[in-house]
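Undergrad: Here it is, the structure, as structure tokens.
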Amino acid sequence: MLSGSSSSLSLWAHVNMKSFSYSGIMQTRQFFLHHELSSRALWFSQFNALTQTSCKKRNCMVGQVHTSVQANIYSCKASAKTSLQMTTDSNNNQGAPSSVYSRPSLREMKNERIASRTRIYEFLRGLGIVPDELDGLELPVSLEVMRERVDFLHKLGLTIEDINNYPLVLGCSVKKNMIPVLDYLGKLGVRKASLTEFLRRYPQVLHASVVIDLQPVVKYLQGMDIKPNDIPRVLERYPELLGFKLEGTMSTSVAYLVGIGVGRREIGGILTRYPEILGMRVGRVIKPFVEHLENLGIPRLAVARLIEKRPHILGFSLEDQVKQNVNSLLEYNVREEMLSSVIAQYPEIMGLDLEHKLCSQRKFLESILELGVEDLGVLIEKMPQVVSLTESSILKHVDFLKNCGFSPPQVKKMIVGCPQLLALNLDIMRLSFMYFQNEMHRDLVELVDFPAFFTFGLESTIRPRHEIVVKKSLKCSLAWLLNCSDESFEERMSYDSFDIQEMEVEPSFDMRTLTEPRREEESDFDEDYESDSDEDYYVR
């Protein structure tokens, strides 16, 4: 019984020997001694010997492990010390680290950047480029990269002067910035011949992102009914608009124009001809301009029609051009109440160097026609374009009238009465005069009294009306015959009796023609109105 019990206890002690400390084993031994000292003395002595032997072996193993760890630590320290000594010696001998994992210090990196920037600055100064504005700009480390950028800009046609005007262009990467932008502009249709001037005016485009900056602007222009084929011409004319924000000046200027009466369908044509409007501030430029014309007597809707026909008038400086030219017209005896009519007939008069033109034209007309200052004011009121006629054109028309047999005083009277004579097509005038002499058989005095005869179309008006009057055996003045609409003339011919001495006042410019509802078939581009030729005015 004891033998079996000792065997079981010995097995239990062997299994749990690693789980209990030496003190725990001693407590167990004391417990068994207290209860079974007399009966199990032999077993206890055997167990004690076994325990002591295990503890000695365990302590011996721990000591061996400890000794091994210390040996490894010592070995690593010695190796590290030896490696550090070798590195120090190598640095002292060669002046640079030999390990592939070593890196320069922050001070060394800073010094290298300074040295690189110094080399680049010396290179740029050697080309004539002033690099002062590049101090805060990140430049390439390699001099070869900067040389590549300068060469690429030269290939685009930009000179050293162009680069000095905007030296920040040297911060653009050729591959990451310049080439993507230029490729996109080329795909849009911007002509290579205009690219150099494009970049001179707006070199900032080379900094732009095609997706973030350029594409949204192009889509906006398309949304304004600008035709795809016209977009490259718009960009060539005004490349700066690629830098505007869509929600800013571009949208507010268009909204204001529509608000004053500009036709929504006309916006595309207006922006195509004068895209600078997209960069104009409403409060500082457009609105004061419109309000000033209103104060001169031009209705707001008429101003809107003028902008549709001549959008570039919005580019005239209100203070430096418009107001000064208005004062010049008043000085040359244009009546204040006629200013609105003068501007409505010839809006470009607001942007001319008018003081110089008026002085020159007055002297010339005085020399060939003996016109006074008062006469010049009348001419301008009736035909403001007279201020822009060339001396050669005026002289040709005066000579034509003299060759027709009119005396200088008669020529003066005719021109003051109808200044359009100075701008008509001479060939048409010649045909009308031949018909007047050979078919109508009238006296020259009638042309002196009604010089507007030359402004009517020969085949459309003069010939058919003259033939009707001849059939009816009527005798009438030229003014009665011609100075009325076709409808009025038909009514006159339908009367049983009428006063052949009836005369209508010579028509002047009617402001209401600008405020009439727009015809559906009216084109966005009025080619007749766009003509700025010295001739072919007012041919009816």
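The values are calculated or read from the model by the stated rules, or taken from the named source; none is laboratory data. This one's a predicted model, so the numbers in the text were calculated from it and none came from an experiment. A quick note on method: Cβ atoms are made from the backbone with ideal geometry, for glycine too, and the neighbour counts reach across all protein chains shown. Note: accessible area is taken over every heavy atom of the protein model, side chains too, but ligands, DNA and RNA are not part of it. Shrake-Rupley method; radii C 1.70, N 1.55, O 1.52, S 1.80 Å.
Per-residue answers, yes or no, for (1) part of a loop (DSSP other than H, G, I, E, B); (2) over 28 Å from the mean Cα position of the chain (by Cα):
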site: ILE298; (1), (2): yes, yes
site: VAL303; (1), (2): no, no
site: HIS312; (1), (2): no, no
site: VAL326; (1), (2): no, yes
site: SER341; (1), (2): no, yes
site: MET350; (1), (2): no, no
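Undergrad: Let me ask another. Quick check: anything in the range 162-176 surrounded by 18 or more Cβ atoms within 10 Å (Cβ to Cβ) and not in a helix (DSSP H, G or I)?
TA: Within the range 162-176, one or more residues are surrounded by 18 or more Cβ atoms within 10 Å (Cβ to Cβ) and not in a helix (DSSP H, G or I).
Undergrad: Within the range 422-446, work out how many residues are in contact (Cβ under 8 Å) with a residue 60 or more places away in the chain and touching a Cys at 6+ places or on another chain (Cβ under 7 Å).
TA: 0
Undergrad: Considering each of LEU235, LEU158 in turn, give the residue that is of a type outside the set (Val, Ile, Thr) and either in a helix (DSSP H, G or I) or more than 30 Å from GLU133 (Cα to Cα) (or both). Even if it seems obvious, please write down each step before you answer.
TA: Details: LEU158 fails: either in a helix (DSSP H, G or I) or more than 30 Å from GLU133 (Cα to Cα) (or both).
None of the other options fit; the residue is LEU235.
Undergrad: Does VAL290 meet the test of being in contact (Cβ under 8 Å) with a residue 24 or more places away in the chain, closer than 18 Å to THR515 by Cα and outside any helix (DSSP H, G or I)?
TA: Numbers: in contact (Cβ under 8 Å) with a residue 24 or more places away in the chain: yes; closer than 18 Å to THR515 by Cα: yes; outside any helix (DSSP H, G or I): no.
The answer is no for VAL290.
Undergrad: Please work out which residue is surrounded by the fewest Cβ atoms within 10 Å (Cβ to Cβ), limiting yourself to the range 455-465 and to residues that are in a helix (DSSP H, G or I) and not basic (Lys, Arg).
TA: Result: GLU459.
Undergrad: For the subset of the range 253-284 comprising residues that are of a type outside the set (Lys, Arg), under 21 Å from MET350 (Cβ atoms) and more than 17 Å from the chain's Cα centre (by Cα), which member is surrounded by the most Cβ atoms within 10 Å (Cβ to Cβ)?
TA: Per the stated criteria, the residue is LEU257.
Undergrad: Oh, and also: Tell me which helices (runs of 4 or more DSSP H) are completely within the range 361-454 and hold 1 or more residues being open to solvent by 30 Å² or more (accessible area, probe 1.4 Å) and more than 24 Å from SER477 (Cα to Cα), or say none if there are none.
TA: Because the criterion is at least 1 residues that are open to solvent by 30 Å² or more (accessible area, probe 1.4 Å) and more than 24 Å from SER477 (Cα to Cα), the helices (runs of 4 or more DSSP H) in the range 361-454 that meet it are 373-382, 391-403, 426-435.
Undergrad: Here is a follow-up. Would the range 466-475 turn up any residue that is within 26 Å of LYS412 (Cβ to Cβ), over 55 Å from the mean Cα position of the chain (by Cα), open to solvent by 10 Å² or more (accessible area, probe 1.4 Å) and among the small types (Gly, Ala, Ser)?
TA: For the range 466-475, residues within 26 Å of LYS412 (Cβ to Cβ), over 55 Å from the mean Cα position of the chain (by Cα), open to solvent by 10 Å² or more (accessible area, probe 1.4 Å) and among the small types (Gly, Ala, Ser): absent.
Undergrad: Additional query: Check off (1) modelled with pLDDT under 95; (2) over 26 Å from GLU516 (Cα atoms) for LYS323 and give me the number that stays unchecked.
TA: Single failed check for LYS323: (1).
Undergrad: Moving to a separate point now. Which residue out of LEU314, LEU318 is modelled with pLDDT of 95 or more, of a type in the set (A, V, I, L, M) and surrounded by fewer than 19 Cβ atoms within 10 Å (Cβ to Cβ)?
TA: Of the residues listed, the single one that is modelled with pLDDT of 95 or more, of a type in the set (A, V, I, L, M) and surrounded by fewer than 19 Cβ atoms within 10 Å (Cβ to Cβ) is LEU318.
Undergrad: Based on what the data block shows, is ILE270 part of a helix (DSSP H, G or I), in contact with a Pro (Cβ under 6 Å, 6 or more places away or on another chain) and under 17 Å from ILE226 (Cβ atoms)? Steps first, please.
TA: Values: part of a helix (DSSP H, G or I): yes; in contact with a Pro (Cβ under 6 Å, 6 or more places away or on another chain): yes; under 17 Å from ILE226 (Cβ atoms): yes.
Considered against the rule, which asks whether it is part of a helix (DSSP H, G or I), in contact with a Pro (Cβ under 6 Å, 6 or more places away or on another chain) and under 17 Å from ILE226 (Cβ atoms), ILE270 comes out as yes.
Undergrad: For the range 196-222: of the residues being among the aromatic types (Phe, Trp, Tyr) and in a helix (DSSP H, G or I), which is farthest from GLY186 (Cα to Cα)?
TA: If we take residues in the range 196-222 being among the aromatic types (Phe, Trp, Tyr) and in a helix (DSSP H, G or I), then TYR220 is farthest from GLY186 (Cα to Cα).
Undergrad: Could you please find all residues in the range 120-150 being within 12 Å of LEU168 (Cβ to Cβ) and either of a type in the set (Gly, Ala, Ser) or open to solvent by 90 Å² or more (accessible area, probe 1.4 Å) (or both)?
TA: ASP132, GLU133, ASP135, GLY136, GLU138
Undergrad: Looking at the range 177-204, which of its residues are surrounded by 18 or more Cβ atoms within 10 Å (Cβ to Cβ) and farther than 19 Å from ASP230 by Cβ?
TA: ASN177, MET178, VAL181, LEU182, LEU199, PRO203
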